[in-house]
Amino acid sequence: MLTELQQRSPPSLISLAGGAPNPNTFPFQSASIQLKDGKMVTFDETAMKRALQYSASNGIPELLTWMKNLQKDLHNPPTISYSPEEGQMDMCVTTGSQEGLCKVFEMLVNPGDNVLLDAPTYSGTLAALQPLGCNLINIPSDHHGMIPAALKETLSRWDPLEVHKPGSTAPKILYTIPNGGNPTGASMTTERKKDVYELAQQYDMLIIEDDPYYFLQFEKPWAPTFLSMDVDGRIIRTDSFSKILSSGLRLGFVTGPKPLVDHVVLHIQASTMHTSTFTQLMVSQLLHSWGQKGFLQHIDGCDAACTAGLTDVAEWHTPSAGMFLWMKLKGIADTQQLIMEKALEKEVLLVPGGVFMINSSDPCPYVRAAFSLSTPEQIDEVYTTSTITTQINTRTDLLSFTFSVHRLSEDSLCSSKTLCDAL
Ligand SMILES: Cc1ncc(COP(=O)(O)O)c(C=O)c1O
């Protein structure tokens with residue numbers, strides 16, 4: 001209530017209402033941050049006082065406005081013109097998309113609920129969902145993401161006409177990572193998205209579109225999102241600046257129907273209160289100075305592409321987005337021991353596939369490799385020199401493949417090499 005009152009009051013208002021500390025007691029006076037393009041982000045004394053103070057739980061207005069315009073321009077969500085009750089698109093800032101996801105799950109999931117997702121999936125999602133006591137149902141997927149026919153088959157356990165009946169166990173939410181999935185690198189086709197959306201309509205489900213790799217799609221035009229198809233207000237989308245601006249600044253966004261976003265904001269109010277004002281102002285200044293054009297130009301410099309040729313000892317699909325390569329090691333039932341014992345000794349970066357499975361103790365022949373570990377300078381350096389191709393032979397001859405990486409640093413290739421030496 002106080003935030004709302006403050007937002008409606010004139011700047012001349014003398015407030016004795018809030019519990020804000022006096023910023024004159026804070027030791028920080030001003031700041032200037034040099035950007036790589038030579039420009040500066042500056043905080044004079046007044047800006048610094050604001051940056052160090054509490055702010056609105058949904059995010060600072062100038063960042064929210066900038067992001068809302070971006071969402072409109074990129075996704076043109078049908079819900080933009082709806083009334084709040086109909087599910088008008090709204091947004092809030094979160095401390096990374098992880099906070100948004102976690103709060104969305106806590107808002108929607110009750111113990112015993114059936115929740116649909118395509119596993120293997122992001123371990124952070126499993127970590128947020130599993131303590132809620134829900135029942136995770138895996139919808140089979142391939143390198144084009146969730147398979148609609150498999151979803152239909154799973155949903156056929158329920159009658160679409162009975163999903164609103166008291167006591168119905170029909171799933172209310174479906175979670176998916178539509179681009180450059182973590183860990184699989186899979187990206188969903190537009191056709192599949194349409195089919196999944198139709199099934200969600202039939203069974204009146206919400207879709208949680210967790211899309212931190214949206215901006216890391218290697219090919220243009222970028223794929224249409226679930227948000228762009230959302231005629232009903234059933235999409236909750238999480239975006240992240242982690243993979244394109246900074247993961248340490250912790251900036252993410254929830255976009256979805258206003259009544260649901262409002263609930264997420266209430267939860268933020270009761271927990272973290274808001275994402276760091278300083279961080280938000282810093283990024284907001286950057287985005288306003290860049291404009292949308294500058295932001296998209298920056299994104300163009302962030303992409304990385306990975307192609308790989310394999311012998312018959314390992315299999316993968318070349319991802320079209322994201323940062324991950326999901327490899328099946330042939331003849332190995334479970335990669336856990338291999339990675340945790342041999343590879344760890346050599347400080348390797350592969351992750352055993354089991355951690356991305358609903359039941360992490362089941363044997364898993366997969367490993368996840370991140371191929372996006374270079375600094376922008378290194379990326380530029382490699383990009384301007386040429387494509388790097390390196391032959392990596394494993395010590396045990398389990399895995400031998402040619403790894404051809406565009407825009408990757410020598411450092412990350414060394415890491416991959418060390419990693420494979422350890423196998
Ligand atoms: C699929 C997916 N969702 C969400 C996140 C969380 O990202 P952040 O909280 O940094 O925005 C990650 C991080 O790796 C991820 O891979």
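Collect the residues in the range 96-137 that are closer than 25 Å to L251 by Cα and polar (S, T, N, Q), keeping them in residue-number order. Selection gives S97, Q98, T121, S123, T125, Q130.
Count of the range 130-157 residues, restricted to those that are within 15 Å of L174 (Cβ to Cβ) and either touching a residue at least 40 places away in the same chain (Cβ under 8 Å) or of a type in the set (D, E) (or both), is 11.
Only one of Q292, Q285, Q297 is in contact with a strand residue (DSSP E or B) (Cβ under 6 Å, 6 or more places away or on another chain) and either among the basic types (K, R) or open to solvent by 10 Å² or more (accessible area, probe 1.4 Å) (or both). Can you tell me which? After applying the criteria, what remains is Q285.
When Y213, Y203 are checked against the criterion of being buried (at least 17 other Cβ atoms within 10 Å of the Cβ), hydroxyl-bearing (S, T, Y) and either more than 16 Å from the ligand (Cβ to nearest atom) or modelled with pLDDT under 95 (or both), a single residue qualifies: Y203.
Restricting the search to strands (runs of 3 or more DSSP E) fully inside the range 19-136 and requiring at least 2 residues that are within 16 Å of the ligand (Cβ to nearest atom) gives 89-94, 114-117.
Residues in the range 228-256 that are away from the ligand (no atom under 16 Å from the Cβ) and open to solvent by less than 10 Å² (accessible area, probe 1.4 Å): D230 alone.
Kindly check whether there is at least one residue in the range 138-159 that is among the acidic types (D, E), under 30 Å from M327 (Cβ atoms), open to solvent by less than 20 Å² (accessible area, probe 1.4 Å) and modelled with pLDDT of 95 or more. No, every residue in the range 138-159 fails to be among the acidic types (D, E), under 30 Å from M327 (Cβ atoms), open to solvent by less than 20 Å² (accessible area, probe 1.4 Å) and modelled with pLDDT of 95 or more.
The values are calculated or read from the model by the stated rules, or taken from the named source; none is laboratory data. All figures in this text were calculated on a predicted structure; none of them were measured in a lab. Every residue, glycine among them, receives a Cβ derived from its backbone with ideal geometry; neighbour counts consider all protein chains shown. The accessibility values were calculated without ligands, DNA or RNA, using every heavy atom of the protein model including side chains. Shrake-Rupley method; radii C 1.70, N 1.55, O 1.52, S 1.80 Å.
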